[in-house]
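Reading through the structure tokens given below for one structure.
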């Protein structure tokens with residue numbers, strides 16, 4: 001009897017202490033409600049409402065301080081149906097109303113034609129369209145290039161397919177935006193993506209891209225600047241936002257993207273983040289403060305003689321790849337490219353092009369021209 | 001002084017002379033086993049013949065030629081050689097070389113870098129070599145010795161002084177006595193240098209107070225840091241600062257470090273991760289400019305991979321490196337530095353170009369000097385223009401505050417007034433009087449004894465480090481001095497700024 005009494009006593013005191021602990025731990029921002037989450041970026045214990053406010057305010061601040069938009073801009077949101085772009089669509093509509101940006105928003109999706117992946121995610125985008133009541137444009141590789149990714153993979157296999165996909169998607173986004181008469185594109189690249197890209201470009205020695213990849217606006221010299229409102233937003237916070245807001249998003253990796261090298265970098269970044277949460281912002285800060293030797297000149301921009309798209313050669317990358325696809329040479333050419341890539345140890349040079357902003361892979365371009373020559 | 005070892009390589013005394021793996025990681029070397037490459041034999045034979053015919057000065061050219069026609073099948077042309085064909089010991093950048101050729105090649109490459117150190121060829125160049133006791137710095141000293149010993153034109157006039165910084169109080173679990181013993185033996189007995197300075201890390205706190213007290217203070221500082229990353233970084237900054245001090249004392253303008261290319265690549269990734277993007281190009285180049293003073297650091301071992309260094313050292317048969325090193329003995333996930341190291345070693349195992357690619361990347365970057373007066377108080381790298389602007393803004397704010405509240409000793413003043421510091425108060429007072437004069441007096445300035453460090457005088461990543469201190473840290477006096485100096489400088493600049501013709505970045509870029 002005594003024993004049990006004792007034990008109950010102790011449990012009581014334990015419970016008491018925990019409650020006092022809980023009481024003492026209030027949201028570090030509003031000091032009213034109980035915190036439900038630890039902010040990945042800062043480690044603060046905050047409540048849900050405060051998280052929403054901080055999250056939204058930060059993005060608002062990024063948008064305002066970088067002058068991303070002007071009143072009356074027609075902005076196409078690159079929407080894949082994944083978490084980043086879903087949250088982007090949500091945030092953009094929300095901020096547009098809240099702070100009265102005066103923007104016309106559009107959802108723009110690219111259908112690469114990947115069965116079992118893109119068709120499902122496009123359903124999500126369609127649901128998003130209904131939810132946010134903004135116009136949606138779906139543009140497919142099939143109608144633009146007369147090839148689907150499924151066909152391309154059938155033709156060239158699983159090596160280098162991401163090159164095609166990335167090059168095509170870049171251009172498709174631009175073309176879609178033109179169709180929507182949009183003058184700006186926003187994409188859902190987050191801080192993690194950018195930090196990862198910085199590391200990747202360092203590891204590959206890809207200086208032109210290293211220069212570009214931290215710019216919040218890219219392609220500003222062209223008619224269609226792209227911006228990344230999530231540049232300083234942690235991926236974890238995006239997921240958190242989507243989770244708490246119960247947003248409808250699609251979370252499956254592309255079935256054609258086996259990307260070992262980037263996978264390494266991603267794991268590495270996760271480890272680093274575990275040691276010091278600010279590391280993602282720190283990497284971006286580093287990259288923003290990189291100064292490049294003058295001799296690293298950026299390639300001169302001109303227009304593709306076939307389709308008029310901005311590029312740095314006579315023929316743009318997409319036209320070039322397409323030509324080879326159509327003439328059945330793609331595999332041969334790609335294998336040469338890959339071989340060269342291996343020589344210089346840039347194996348997975350060309351994957352996830354959407355992460356890297358401007359023109360497609362520069363080195364690859366050089367390679368392809370030298371091959372044609 | 002760099003802790004160049006692989007984290008888990010644990011070179012032991014017996015390892016060096018045997019055919020034990022150079023590191024426990026997979027390193028693609030051909031060790032001294034039975035497999036011999038015939039092609040190498042040809043190459044060696046060819047090489048030897050060439051050397052006999054030509055003068056030493058043209059060796060490099062010959063080596064290049066040899067590299068180019070490694071595919072041809074010249075049969076054993078060693079008819080006029082006195083040297084026997086060497087056994088291949090290393091796959092040196094796709095060349096299988098024997099020890100003799102390898103040694104020559106290494107020396108060649110090393111000389112190319114050490115030439116950059118020499119400014120005037122007539123007088124002996126005074127160099128301070130920082131020895132950690134590890135393989136890389138030992139090899140560095142051996143190579144330098146060879147440079148001075150060469151005959152005729154090849155001989156370099158170098159006045160070499162050695163220093164070892166004893167960090168035993170920070171890393172008590174390591175066997176420092178062995179290291180020190182080794183360093184002493186190596187420099188004086190084996191290589192015949194006259195003397196080596198052993199400087200305890202405690203000297204960073206000055207030399208006036210008793211040693212034990214300083215040890216305690218130093219340990220306290222490091223214990224106050226909550227993360228391993230910051231501990232390692234602070235140690236590095238202290239070490240570099242001490243090296244500068246020693247160099248001043250010994251009247252050397254040049255400090256030579258034995259940092260290998262692996263380590264520099266790791267440093268590149270780690271520093272980038274820590275937000276040091278502005279200064280990392282400087283810190284990873286062969287010549288490290290110190291914006292705050294006239295001492296330069298050199299890293300002539302930048303071209304050598306760790307495995308190349310290990311092979312070389314093993315074949316020298318000099319002295320076994322003591323079992324040591326380092327803080328890195330802990331779990332790889334405990335700090336950013338070790339994580340980066342681990343990551344890069346993995347990548348290097350996958351593809352042995354990783355390190356080279358990284359170093360080539362950083363070659364394309366520069367650290368512009370914005371204003372040589374504005375340097376981080378802790379790591380003494382130059383501040384970015386943004387950081388300088390922030391600092392100047394703080395100074396301005398403080399001034400207006402001062403003017404507004406003359407009576408109150410504003411706690412948020414340019415340096416928050418905390419309790420006085422025993423270690424450096426005397427100097428503080430003197431300089432603070434200067435401060436007073438500059439500010440045109442006012443009672444509040446006397447109250448602002450800057451015994452703590454103003455955060456605005458730190459660079460981005462040192463701010464993070466400083467935030468890592470659990471309590472208000474009692475950091476090394478040099479940091480406080482620097483911080484105060486910097487505040488004074490920018491106050492002064494503020495006073496005269498109306499008369500400066502172009503106080504903005506464009507002008508200062510030229511400085």
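Every number in this text was worked out from the coordinates using simple rules, so none of it is lab data. Note that the structure is a prediction, hence the values are computed from the model and not measured. FYI the Cβ positions are ideal-geometry reconstructions off the backbone, even for glycines, and counts take in every protein chain you see.
What the table shows:
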{"quantity": "Label-to-label distance, nm, for residues given as residue A:293 and residue B:253 (7 Å Cα→Cβ offset)", "calculated": "2.5"}
{"quantity": "Relative contact order, percent, segment A:95-154 [alpha-carbon distance under 8 Å, six or more residues apart]", "calculated": "39"}
{"quantity": "Pairs of alpha carbons in segment B:241-323 whose separation is greater than 20 Å (percent)", "calculated": "46"}
{"quantity": "For segment A:72-97 and segment A:277-296, distance of Cα centres in Å", "calculated": "27"}
{"quantity": "Largest-first ellipsoid semi-axes for segment A:68-296, taking √(5λ) over the Cα gyration tensor eigenvalues, angstrom", "calculated": "26, 23, 19"}
{"quantity": "FRET efficiency, residue A:97 to residue A:48 (Cβ-Cβ, R0 25 Å, nearest 0.05)", "calculated": "0.75"}
{"quantity": "Cut-off 14 Å, label 7 Å out along Cα→Cβ of residue A:30, residues of segment A:43-57 by amide N", "calculated": "A:46-56"}
{"quantity": "Inter-probe distance in nm under a simple model that places probes 7 Å from Cα toward Cβ, at residue B:369 and residue B:287", "calculated": "1.1"}
{"quantity": "Taking segment A:68-296 and dividing mean pair separation by its residue count, relative contact order in percent (alpha carbons under 8 Å, at least six apart)", "calculated": "24"}
{"quantity": "Sequence of A:70, A:236 once ranked by neighbouring C-beta atoms within 10 Å, starting from the fewest", "calculated": "A:70, A:236"}
{"quantity": "Cα gyration tensor category, rounded, prolate or oblate, for segment A:186-242 with a/c compared to 1.5", "calculated": "oblate"}
{"quantity": "Residue order, fewest to most surrounding Cβ atoms within 10 angstrom, among A:45, A:179, B:139, B:301", "calculated": "A:179, A:45, B:139, B:301"}
